[in-house]
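The values are calculated or read from the model by the stated rules, or taken from the named source; none is laboratory data. Being a predicted model, the structure only gives us computed values, none of them experimental. Reconstructed Cβ throughout: ideal geometry from the backbone, glycine too, with neighbour counts over all protein chains shown.
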C-alpha cells in the first residue's frame, strides 16, 4: 500500500428516461415514459492531490447498469469520470461520465456529460444533477449514435451521497478525513467560481 497517495471513493445513482432510435438526449427523455436507465456508479480517485492538480480532474468510473433493452445488473468497469473538465468555452466546464460494455456480441459506449456553465446560482442544482447521455454502437464515441436520454441525480440520492464518500489508502483516520474534506473544498470552490464569482452575484 502506498501511503503517499491518499484518495477517495464515492457512489452515485442516476436514473431517467433513455430509448433506442433517438440521438438527441432531451427529445429522447421526453419520449421515454417507460424505459428507465439506472446507472449505479462508483467513482475512484486514487490520489486526491493529483486529481485536483490535473486540469481534467480524472477519476475511474465503475458502473452497474439497469436498462431493460439490454438487461439488469450489467457490469461496466473501468469507465471515465472527469469533474469540472475545461472546454473551449471559458464559461463552460463538463462533468463527464462514460462507460462501455459488451452485450450480445456487440460493443456499446454510453457517453454523458453535465454542463456546468456560468449561470445564476439558481441553475446550479439542475446543471450538476442532469446528465445528457448518448449511446454509441462501438467501443468509443467513434461509432453511430443509436440511443439517447437524460438521467438525473434525485434530491434523495444526493442526501444519501453524503455518507458515501470514503477515503482510500489513508495512513490514519485523520488523513482520510483530510482527503475527503479536500475534495469537498475543491468541489464547492468550482461551484463558487461558476455560479457566484463569474456571474458577479
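For residue 159, the conditions (1) modelled with pLDDT of 95 or more; (2) loosely packed, with under 14 Cβ neighbours inside 10 Å all hold with the exception of (1).
Selection over segment 15-55 of residues that are assigned to a loop (DSSP other than H, G, I, E, B) and out of contact with any strand residue (DSSP E or B) (no Cβ under 8 Å at 6 or more places or on another chain) gives a count of 2.
Here the condition is being in contact with a helix residue (DSSP H, G or I) (Cβ under 8 Å, 6 or more places away or on another chain) and at pLDDT 95 or above; of 43, 58, it holds for 58 alone. Scanning segment 4-14 turns up no residue that is in contact with a strand residue (DSSP E or B) (Cβ under 7 Å, 6 or more places away or on another chain), over 21 Å from residue 160 (Cβ atoms), touching a residue at least 24 places away in the same chain (Cβ under 8 Å) and surrounded by fewer than 19 Cβ atoms within 10 Å (Cβ to Cβ).
Residues in segment 18-26: is at least one modelled with pLDDT of 95 or more, crowded, with 18+ Cβ neighbours inside 10 Å and farther than 20 Å from residue 138 by Cα? Among the residues of segment 18-26, not one is modelled with pLDDT of 95 or more, crowded, with 18+ Cβ neighbours inside 10 Å and farther than 20 Å from residue 138 by Cα, which makes the answer no.
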